[in-house]
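Trainee: Below is the structure I would like to discuss, written out as structure tokens.
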Amino acid sequence: MTSGQKTTIEFNDHVVRQFMLAAVLWGAVGMLVGVLIATQLNFWQANLGQSWLSFGRLRPLHTNAVIFAFVGNMMFAGIYYSTQRLVKARLASDFLSALHFWGWQLIIVAAAITLPLGLTRGKEYAELIWPINIAVAVIWVVFGANFFWTLARRHEKSLYVAVWFYIATIVTVAMLYIVNHLSIPTSLLHSYPVFGGVQDGLVQWWYGHNAVAFFLTTPILGIMYYFLPKAAERPVYSYRLSVIHFWSLVFLYIWAGPHHLLNTALPNWLQLLGMTFSLMLWAPSWGGMLNGLLTLRGAWGKLRTDPVIKFFAAGVTFYGMATFEGPLLSIKAVNALGHYTDWIIGHVHAGALGWNGFMAAGMFYWLVPRLWNRPLHSTGLANLHFWLGLVGILLYVAAMWASGITQGLMLNATAENGTILKYPNFIETLNAIRPLMLLRVVGGTLYLGGFLLMAWNIWRSIAGARAVNGTMEVYVEPPAPADRLGLGGTFLNAPVVFSTLGLAAACVWLFTSGWLNLLGLVATILTVLLAIGHFESRGTRWGEWYDRLLINALPFTLLTFLSVVVGGLIQIIPMLTIDRRIQTEDRLAAVYTPLELAGRDIYVREGCYNCHSQMIRTLVPDVMRYGDYSRLGESLWDHPYQWGSKRSGPDLARIGGKYNHAWHYDHLRDPRSISTGSNMPAYTWLLEHATDYAALPAKIRVQRMLGVPFPSWSPAMIDTLARDQAKQIARELREQGRYTDPDREVVALTAYLQSLGKKWEATPR
């Protein structure tokens, strides 16, 4: 084709429509499950006595449905629609587009089936079993291949801001997901993560925090940079601010994961690192928020009449609120109050429903007339959706703020000069926040109602309408070779050199002591001053280099990947290379018995980690309430770790031996017979189902592969040991007036619960 020849492109908007409608469907499902589990926290009867409807199994379904099914499908719709127009090229492959869509939906269906059945890895936002994880990785590669192939075929020379965020999403999510989901299978449906204890906790929240960053934030920011100017009919307020926003965000975010583990047994240098970088995130996050809101400043006249502008303005505002609150909660003193409480739940939902949910609604309302060539059925219903959603999320978040702060203050309160707990019974805090937890249900129901209104409005808009694909006339002009920036020019230039030197100097400053620490500080300051001076004198060269960088996607992608990978390497590698015995102070944790391991897997299956932590923080009230604070080596052999991130019930790190077997039996059969007012589900099926002894040899073999020092037992020995311990517990239960067969799951789970804290106490080095 000759240079300058005009051609007409018809975009593949069929896959955009598919992803958009799937997002609406799965969003409704995910939010409905959310309302149900919020109701279960108020009324235990809402668990309906069924294992697959219990809170512990449904909460992972809710979180995965909202994150990967709702936001994931919305994200793919927005990326595919905007990318085609930004690069002036049809998606490279219709086959890959279709494979991406149907593969993603099959993954969602598989998750919706397996999670209620208790098939889980037991790690938050990473619960899916290993065969599904492989499918996720394959489909993500399909998505990435389709996206980058489209970039290679583009007719627009330079990469626009939104595309930067899409590139960061694709490469970073792939890295995060693969590393955190590394597992060794024990069977077709079960595996153990390769990391354990503190290493697993650190990798999990390196992934968990940055899954929020690079799945729920960066792609939505890219969508903001495309759809918001389109809706406002104005250009982005500041291109320079968008450059600063992008690079500072993708570099800083990856370091902040340890702020989920403050005041725990995590080494202090990692806690300090997580807190510091979390506070630094304020600047780029608010830079992006201001860039979005100031882009809308010329469209405020539409605010009263245009629901799209309403949703976008509210969504960006919630982004600002959530990214203010996140760094605030990363301050150790604030974290001591807020962590393990409902405040964190409110914070997460402000982001997921306020930021992601409102941006999704604004995008859907903008897309419908353009994808089906028909006006929206009812602007009035869209405006009603906005107000229902806004009131709903504000009630939800306010209830969780008040509930979390109340819970934190009560749990930390002491009396008589700090010598006793003011509220020693955990149930006291639960009773105090019951009205607020019920208000959460009201707020969530209102939000769900607004979302269902949107679904109805969209359905009425597209029913009988003719779907249309967008078209664009372009001139095909291959980019001049001289304009492209090669790999040498990518890295051997002032911006990259100064950034590398500054990072190296800062690491010396942060991770050393004595004269090296002082040298690192001086070098950091000097590098920053030199960079500023160089920019002030030769800033045009920086701009020219960046303009050339945007012409070639490969160097840009490599720089983006290096920006995100360095933070993870600096955090994780030191913890992986530390000898395990060094982590254990003066003790070495004993391994679980075969029966205890079976019980632990039942504990993970039932999602007990969703309500109970196994990490007593180094805070006086925690120690007074639960016992001696948790040490780093106690969870040494735990695959996965069980430190937890939420306390709807007490911490269990020292529960072993605190009560007799009959107490645990009664507590699992009918929690209210032990703790009056408890909202814990009754786990009656544990009294009926038999423990899977046959799976133990394979599980122990894999644990040995992972470094857990199990003896070289034969399968027959493993079976004998498990059954003998079960008979002993059943015998003691019978002496205490409780009758059960030794092979019941309640016996195995009791064995595990009775071991907590004892493996550490009994094994001095």
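Rule-based calculations on the coordinates, nothing more; no lab input. Note that the structure is predicted; figures quoted are calculated from it, not measured. Don't worry about glycine lacking a Cβ; one is built from the backbone with ideal geometry, like all the others, and counts go over all protein chains shown.
Trainee: Given LYS332/LYS758; LYS88/LYS230; LYS157/LYS230; LYS230/LYS302; LYS123/LYS310; LYS699/LYS727, which pairs have Cα atoms separated by over 25 Å? If you can, show how the numbers build up before the last one.
Mentor: Details: LYS332/LYS758 29 Å; LYS88/LYS230 16 Å; LYS157/LYS230 21 Å; LYS230/LYS302 13 Å; LYS123/LYS310 36 Å; LYS699/LYS727 21 Å.
Among LYS332/LYS758; LYS88/LYS230; LYS157/LYS230; LYS230/LYS302; LYS123/LYS310; LYS699/LYS727, the Cα-Cα distance tops 25 Å for LYS332/LYS758; LYS123/LYS310.
Trainee: Please compute the length gained on full extension between TRP545 and VAL476, using 0.36 nm multiplied by the number of residues separating them and subtracting their Cα-Cα distance.
Mentor: Values: separation 69, 0.36 × 69 = 24.84 nm, distance 2.46 nm.
Gain on stretching TRP545 to VAL476: 22.4 nm.
Trainee: Also, I was wondering about something else. Using all alpha carbons of region 166-264, what is the percent of pairwise distances in each 5 Å bin, ordered from the shortest bin to the longest?
Mentor: P(r) over region 166-264, rounded to whole percents: 2, 11, 18, 18, 15, 12, 9, 6, 4, 3, 1, 0.
Trainee: While we're here: Could you work out the relative contact order of region 594-761, using alpha carbon pairs under 8 angstrom and six or more residues apart, expressed as a whole percent?
Mentor: Details: 225 pairs, mean separation 57.1, N = 168.
The value is 34 percent.
Trainee: Quick check: pseudo-label points 7 Å beyond the Cα along Cα→Cβ at LEU294 and ASN383, how many nm apart are they?
Mentor: About 3.1 nm, to one decimal.
Trainee: While we're looking at this one, here's another question. How far apart, in nm, are the 7 Å Cα→Cβ label points at SER712 and ALA467?
Mentor: It is 6.1 nm.
Trainee: Got a sec to turn the phi values of region 107-121 into Karplus ³J(HN,Hα) couplings, 6.51 cos²θ - 1.76 cosθ + 1.60 with θ = phi - 60°, whole Hz, x for Gly and Pro?
Mentor: Calculated HN-Hα couplings, in order: 4, 5, 4, 4, 5, 5, 8, 6, 5, x, 7, x, 8, 8, 8 Hz.
Trainee: Out of residues 5 or more away from ARG744 or on other chains, whose amide H comes under 5 Å of its own, with H placed 1.01 Å from N in the peptide plane?
Mentor: For ARG744, the qualifying residues are THR691.
Trainee: Let me ask you something else. With a Förster radius of 45 Å, plug the Cβ-Cβ distance of LEU554 and LYS332 into 1/(1 + (r/R0)^6) and report the FRET value to the nearest 0.05. Numbers along the way, then the final one.
Mentor: Numbers: r = 41 Å, r/R0 = 0.92.
So the FRET efficiency works out to roughly 0.60.
Trainee: Follow-up. Any chance you could run the full-extension gain for ASN417 through TRP149? It's 0.36 nm times the residue separation minus the Cα-Cα distance, nm to one decimal. Show your work: numbers first, answer last.
Mentor: Details: separation 268, 0.36 × 268 = 96.48 nm, distance 6.70 nm.
Length gained, ASN417 through TRP149: 89.8 nm.
Trainee: Which FRET efficiency, nearest 0.05, do ARG460 and THR305 yield, Cβ-Cβ r, R0 30 Å? Don't skip to the answer; put the middle values down first.
Mentor: Details: r = 20 Å, r/R0 = 0.66.
My answer for the efficiency is 0.90.
Trainee: Then there is this: For LEU25, put the label point 7 Å out on the Cα→Cβ axis and report which residues of region 87-107 keep their amide N under 17 Å from it.
Mentor: Residues 98-107 fall inside that zone.
Trainee: Sequence-distant or interchain residues sharing an amide H contact under 5 Å with ALA653, placed H: which?
Mentor: MET615
Trainee: Could you estimate the translational diffusion coefficient of the chain from the Stokes-Einstein equation, with Rh from the Kirkwood formula over C-alpha pairs, at 10 °C and 1.306 mPa s, in whole µm²/s? Mind dumping the intermediate values first?
Mentor: Details: Rh = 27.7 Å.
D = 57 µm²/s.
Trainee: Sticking with this structure for a sec: Quick one: compute the contact order of the chain, relative version, from alpha carbon pairs under 8 angstrom and 6+ residues apart, as a percent.
Mentor: Values: 1231 pairs, mean separation 128.3, N = 765.
Relative contact order comes out at 17 percent.
Trainee: Have a look at THR557, THR305, LEU492 and report the one farthest towards the positive end of the charge dipole of the chain, computed about the Cα centre with Cβ charges (Lys/Arg +1, Asp/Glu -1).
Mentor: Projecting each Cα onto the dipole axis, the largest value belongs to THR305.
Trainee: Still on this structure, please answer the following. Share of antiparallel DSSP beta bridges in the chain, in percent to the nearest 5?
Mentor: Values: 13 of 14 bridges.
DSSP beta bridges in the chain are roughly 95 percent antiparallel.
Trainee: Right, something else. Do any trypsin sites (Lys or Arg not before Pro) in region 261-342 lie in a DSSP loop with no more than 16 other beta carbon atoms within 10 Å, and if so, which?
Mentor: Values: sites: ARG297, LYS302, ARG304, LYS310, LYS332; in loops: ARG304.
Filter output for region 261-342: ARG304.
Trainee: For THR8 paired with LEU529, estimate the spin-label separation in nm (one decimal), with each label point 7 Å from Cα along the Cα-to-Cβ line.
Mentor: 6.3
Trainee: Return the FRET efficiency for the residue pair LYS758, VAL391: r is the Cβ-Cβ distance, R0 is 45 Å, and the value is rounded to the nearest 0.05. The partial results should precede the final answer.
Mentor: Details: r = 50 Å, r/R0 = 1.11.
Result of the calculation: an efficiency of 0.35.
Trainee: Just to confirm the number: angle between the C-alpha axis of helix 218-232 and the first principal axis of the chain, 0 to 90 degrees, nearest 10?
Mentor: Helix 218-232 and the main axis of the chain meet at about 40 degrees.
Trainee: Can you list residues whose amide H is under 5 Å from TYR192's amide H, if they're 5+ apart or on another chain and H is modeled 1.01 Å from N?
Mentor: Amide H to amide H, under 5 Å and 5 or more residues apart or across chains, TYR192 pairs with ILE184, THR186.
Trainee: Now, a different point. Let me know the volume per residue of the alpha-carbon convex hull for region 594-761, in Å³.
Mentor: Values: hull volume 19.3 nm³, N = 168.
Considering the Cα atoms of region 594-761, their hull volume per residue is 115 Å³.
Trainee: Let me ask you something else. Students often check this: by mean Cβ neighbours within 10 Å, which of 500-509, 524-533 ranks highest, and how do the rest follow?
Mentor: Numbers: 500-509: 16.6, 524-533: 14.4.
Averaged packing, sorted descending, gives the order 500-509, 524-533.
Trainee: While we're on this one: Compute the angle between helix 282-295 and the longest alpha-carbon principal axis of the chain, please, reported from 0 to 90 degrees and rounded to the nearest 10.
Mentor: 40
Trainee: Ignoring everything except DSSP H segments at least 4 long, calculate the 222 nm mean residue ellipticity for the chain; use -39,500 (n - 2.57) per segment, divide by total residues, nearest 500.
Mentor: That calculation yields -21000 deg cm²/dmol at 222 nm.
Trainee: Test of understanding: what is the full-extension gain from LEU241 to SER673, defined as 0.36 nm times their sequence separation minus their Cα-Cα distance?
Mentor: Length gained, LEU241 through SER673: 149.6 nm.
Trainee: Would you please classify the overall shape of region 1-146 from the alpha carbon gyration tensor, given that a ≥ b ≥ c denote the square roots of the eigenvalues, rounded means a/c under 1.5, and beyond that prolate means a/b larger than b/c while oblate covers the rest?
Mentor: Prolate shape, in that a/c is at least 1.5 and a/b is the bigger ratio.
Trainee: Go ahead and collect, in residue order, the members of region 56-97 whose backbone nitrogen is under 20 Å from a label point 7 Å along the Cα-Cβ direction of THR684.
Mentor: 56-58
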